[in-house]
1. Let me know the shape class of the chain, please: from the alpha-carbon gyration tensor, a ≥ b ≥ c as square roots of the eigenvalues, rounded when a/c is under 1.5, otherwise prolate if a/b is greater than b/c, or oblate.
2. In terms of modelled amide H atoms, which long-range or inter-chain residues lie less than 5 Å from the amide H of Val376?
3. Shape call for the range 1-145 from the C-alpha gyration tensor, a ≥ b ≥ c root eigenvalues: rounded (a/c under 1.5), prolate (a/b greater than b/c) or oblate?
4. Rounded to the nearest 500 deg cm²/dmol, what is the calculated helix-only ellipticity per residue at 222 nm for the chain, with -39500 (n - 2.57) per DSSP H run of length n ≥ 4?
5. Quick one: of the DSSP bridges fully inside the chain, what percent are antiparallel, nearest 5?
6. Using label points projected 7 Å from each Cα along Cα→Cβ, tell me how many nm separate Asp344 and Thr574, to one decimal.
7. Peptides 141-149, 183-191: what's the order by average Cβ count within 10 Å, highest mean first?
8. Going by C-beta contacts inside 10 Å, put Met494, Met616 in order with the fewest on the left.
Amino acid sequence: EDGYALWMRYQPQAAIPGEVVRQPVSIVVPNATPTLTRAAEELRRGLSGYAAGPVATAPAVRAGSVMLAVAGDPAVASLHLPTRSLTDEGYLVRSVTIGGAPVTLVTGNSDRGVLYGAFALLRHLGTGGTLAKVDLTSTPKVKLRVLNHWDNLDGSVERGYAGQSIWDWWNLPDLKDPRYTDYARANASIGINGTVLNNVNAKADSLTAPYIAKAAALADIFRPWGIKVYLSARFSAPIEIGGLKTADPLDPQVAAWWKAKADEIYRAIPDFGGFLVKANSEGQPGPRDYHRSHADGANMLAAAVAPHKGIVMWRAFVYADTDPDDRAKQAYTEFKPLDGTFADNVLVQVKNGAIDFQPREPFHPLFGAMPKTPLVMEFQITKEYLGFASHLAYLGPLFQEVLDAPTGVKRGQTVADVVDGSAEGHRLTGMAGVANIGRDRDWTGSPFNQANWYVFGRMAWDPEADADTIAREWAAQTFTPDPAVVDPVVAMMMGSREAVVDYMTPLGLAHLMATGHHYGPGPWVSDLARPEWNPAYYHRADKQGIGFDRTRSGSNAVAQYAPPVAKRFADVGTVPERDLLWFHHVGWDRRMASGRTLWEEMVRHYDAGVGYVAGMRQQWDALRPRIDAERWEKTATLLAIQEREARWWRDASLAYWMSVNGRALPAGVRAPEHDLAWYKAQNFPRAPGHTG
Ligand code: BDP
């Protein structure tokens, strides 16, 4: 068991064989389209696994059949089931009677709906359910559920920690690695319906004819699984591969070039999803190079794909030299005024927080602030700032915390309401996840990282879903539904992200890692060329206090939130303690809710983080007899690394804070293992995932 099968292991389980064996199961697909054929094959695979015996496909239903058919099929229509509300991607799986025979029906209004239903049935069986009296129904709340691969054409993956890219650009379009199909199965099983193949730091080559042909080969494999292909577009491509002198979005020649390019792509990929664009950020070209706005750029590309029903996802992650007083303010400053000026097929893609995928950030103030524009939530599934693939951190609670946050714009409105379109009645909606997938045998660098891919898909389907419930589902399918495994595994997972916050950046601190790799601690770094490259810029610690003042006396970034939220964050008495140092610069002796001083409280958080990891190791040790050897061993080793590195973060941070505040550690607290100079001397010239 090397983890390749992900959560689709379909292992025999105590509860299932009885059900299946009692009556032979057959699978019936009256109308075998490419998608339904795959759905049937997946069910055959799954049911034979769970039943520990062969399952056949049959031409007609009999007692015990599982039938896959769209709602319009005469046999289904005659049952008068409530299928209208399923819209085009929802499913209904139900025990019914057809021609006198008890049958499990998997239906939906489209083949894709049926496919999702098949996976829902497998999930039901994989989490301890049986084939008796099945009744499952669900409709996705978000339309575009998309992975963003930061994969480069040379095979490296920016911020990827699970090996090289799974796309073998060299041998595509000819060589169709079976892995592509397994990738599509995995995504379809959790409802992901789109994938951006290449890095947002894009090369224009990905838009040349040979690469379009390669992307088309992947699109052909993914199509029956309901997955569309998208490409990151480099804004200056008309110059680099088109021979034009400019990429000015208002230049008719530029617009014509993109239109012709879009037409060319759609000839090869008729259902091409559209473009994702990072513009005028971290050195990428964009419309502002020509003194045009982001909307000018986005709308020009949108016009090129509109005749083909394509869309543009335009990123709001603009990180340039424009807002020197506070990096956190840039996206809002540039995008908020553009609300209402984007074309209908443009979505603005916003990171979950205003800086950059930190272990914790308050939700991005753009959510709720651009009511006329559909906003895509961008989460990072790969753990750039949470210990790469090495540390165990389940991101479900992070995603949920952001999605559940009240925007303060209207009573009861949450970030999830903005993302799923219900806040303003947007029909075009999206959620994007920066993938953690690579060529490692287990896809994501560790068994537990698979859970982050899984929870992203499940929350994109339903942004109000619960992280704990999803962790249970994942653990049951990935290991076994036995509560003796699921309970401790879920317990480990649920607190794991908070532990990372505790040992890296407690109480609202952020961006304290050493230069380049984003892995180990470097709170002392203060000599890099641009101020906001330095951790010291973010923590602002001195002898008296610590924290970034984002209230009126500081950068006033807090004013970017709607008034009730701004008020709560701006007041040092009402801001949640977990966000304290994000918004406020406070004294080391400030009294916290616990009665401890800030300094004492910080120390406690560092210790809690390290302690949690030690606890996870114990829990995992106790699970040894119940988990297969290979996955147990790998996880145990990674947890040992994590414990060592949690201590490193704690010790390095404490050593540094003490050098700044001149305070002693509270009584009974362990001193850092080394002196500050030792921590400063650590360096990692060859960290993975940093492609420059
Ligand atoms: C940062 C990454 C960088 C990405 C950038 C982005 O460090 O590698 O290119 O985000 O999202 O988190 O564009």
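Since every read-out is calculated from the coordinates, none of them should be taken as a lab result. In this text the structure is predicted, and so the values were computed from the model without any measurement. Cβ sites come from the backbone with ideal geometry, for glycine too, and all protein chains shown count toward neighbours.
1. In terms of gyration-tensor shape, oblate.
2. Amide H neighbours of Val376: Val348, Gln349, Val350.
3. Values: a/c = 1.67, a/b = 1.18, b/c = 1.42.
Verdict is oblate for the range 1-145.
4. Roughly -11000 deg cm²/dmol at 222 nm, from the helical runs in the chain.
5. Antiparallel bridges: around 35 percent, rounded to the nearest 5.
6. For the pair Asp344/Thr574, the computed spacing is 4.1 nm.
7. So the order, starting with the most tightly packed, is 141-149, 183-191.
8. Going from least to most buried by this count: Met494, Met616.
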